[in-house]
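Working notes for the structure below.
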Amino acid sequence: MILAVESSCDETAAAVVKNGREVLSNVIYSQIALHTEFGGVVPEIASRKHIEKINQVVEQALDEAGAGLKDITAVAVTYGPGLVGALLVGVSAAKAISFATGIPLVGVHHIEGHISANFIENKELEPPFVCLVASGGHSHLVVVKGYGEYEIIGRTRDDAAGEAFDKVARAIGLGYPGGPKIDRVSKEGNPDAIHFPRARVADSPYDFSFSGLKSAVLNYLNSCEMKGEPVNTADVAASFQKAVVDVLVEHSIEAVKEYGYGKFAIAGGVASNSALRGAFEQACAENKIAFYHPSPIYCTDNAAMIGVAGYYEYRKGIRHGYDLNAVPNLKLGERI
């Protein structure tokens, strides 16, 4: 029984996970409404709100699981990457629980949590497989060699996919958070109305680059304004989204074919995008690749995924002391 805590950005979350695959509770307090008026996450505000809510979400997670601290085997907590102030709140809470009860402490990598979210509803999924992690801060293509064993074969050279969604959404007047709003508006637009570039990094076939795409959208909007031409927001959103999806799908399918595992998964906030899911379902079916994805609730930041990753770390003998600290730039596969 793993009690998990997640506070890397603007969600204060706690969960109880049994045997790495069964979620007994998953409590998330979202700060989206709080940060929307600023057009993005304000780190100081996020940290303060985590302090206010952390004890409440932990207590609620235990209550909903019908468990007490006496039933908990280990406390798992995200210690990186993320916003340092936000991370510190979760790490401090988890260390306090561990210190007061003697329950072992296990630090978890946030991206490892996102990948592990696929194990919750796909009971048959086992490593090795290829996973695309696409979120506001990360765009990684990862070979999952085993539980807790990863090889990054592709990453963004500039903007992450989710970051590009947020910036373009702001530019076309949709506001924050950009991903869900572009996804919704795109359903009303023509994805082939405007051709935006699909970047490919010459020396690294699995790397991503979205800054040029973002600039192309901004240039298109500026051109329309200078010419006095109307902008069809839905067409811009749909065309931009298709450009991102095309690149993510193309790179991912190529990687799965090269490594030959026949299994592919997606993870992270962008993985809840309906167009991306649909494109992967089609591409994987055409190439006879087994496709796995978490439900949207497990794509956004949550503690259940941290509990799953924490379970496998605990089983491997990973333990952390009370000197565990927040590591905002922690790399996947790196342990401190």
| field | Spin-label zone in the stretch 3-28 - amide nitrogen under 19 Å from a point set 7 Å from the Cα of Ile45 along the C-beta vector | value | 7-13
| query | At what distance in nm do the modelled label points of Arg170 and Glu149 sit from each other, each positioned 7 Å from its Cα along Cα→Cβ? | reply | 4.2 nm
| Ordering of 115-122, 317-324 by burial proxy (mean other Cβ atoms within 10 Å per residue, highest first) | 115-122, 317-324
| For Lys53, Lys331, Lys227, order by how many other beta-carbon atoms lie within 10 Å, fewest first | Lys227, Lys331, Lys53
| note | For the chain, percent of DSSP beta bridges that are antiparallel (nearest 5) comes out at 60 percent
| request: Would you mind calculating the gained length between Glu124 and Glu334 on full extension (0.36 nm times residue separation, minus the Cα-Cα distance), in nm to one decimal? | output: 72.9 nm
| note | For Ser7, Ser252, ascending order of other Cβ atoms within 10 Å (fewest first) is Ser252, Ser7
| request: Pairs of Cα atoms under 8 Å, at least six residues apart: use those to get the relative contact order of the stretch 124-295, whole percent. | output: 26 percent
| said: For a quick check: sort Phe291, Phe210, Phe196 by the number of other beta carbons within 10 angstrom, fewest at the front. | reply: Phe291, Phe196, Phe210
| field | Stokes-Einstein translational diffusion, the stretch 1-160 - Kirkwood Rh over all Cα pairs, 0.890 mPa s, 25 °C, in µm²/s | value | 149 µm²/s
| said: For the stretch 141-197, report the % of Cα-Cα distances exceeding 17 Å. | reply: 57 percent
| said: Looking at the stretch 124-295 only, what percent of DSSP beta bridges run antiparallel? Nearest 5 please. | reply: 60 percent
| Relative contact order for the chain using alpha-carbon pairs under 8 Å, separation at least 6, rounded to a whole percent? | 25 percent
| query | Taking the Cβ-Cβ separation of Glu229 and Ile32 as r and a Förster radius of 41 Å, what is the calculated FRET efficiency to the nearest 0.05? | reply | 0.80
| query | Hey, what angle do you get for helix 84-101 against the long axis of the chain, alpha-carbon based, 0 to 90 degrees rounded to 10? | reply | 20 degrees
| Quick one: what do you get for the stretch 124-295 if you divide its Cα Rg by 2.2 N^0.38 Å? | 1.04
| field | Radius of gyration, Dmax [the stretch 210-303; alpha carbons; angstrom] | value | 16.5, 52
| query | Using all Cα-Cα distances in the chain, what percent lands in each 10 angstrom bin from 0 up to the longest? | reply | 6, 27, 32, 23, 9, 2, 0
| request: Calculate for the chain the 222 nm mean residue ellipticity that helices alone would give, adding -39,500 (n - 2.57) per DSSP H run of length 4 or more and normalising by residue count, nearest 500 deg cm²/dmol. | output: -14000 deg cm²/dmol
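Read the figures in this text as sums done on the coordinates, not as results from a lab. This one's a predicted model, so the numbers in the text were calculated from it and none came from an experiment. Don't worry about glycine lacking a Cβ; one is built from the backbone with ideal geometry, like all the others, and counts go over all protein chains shown.
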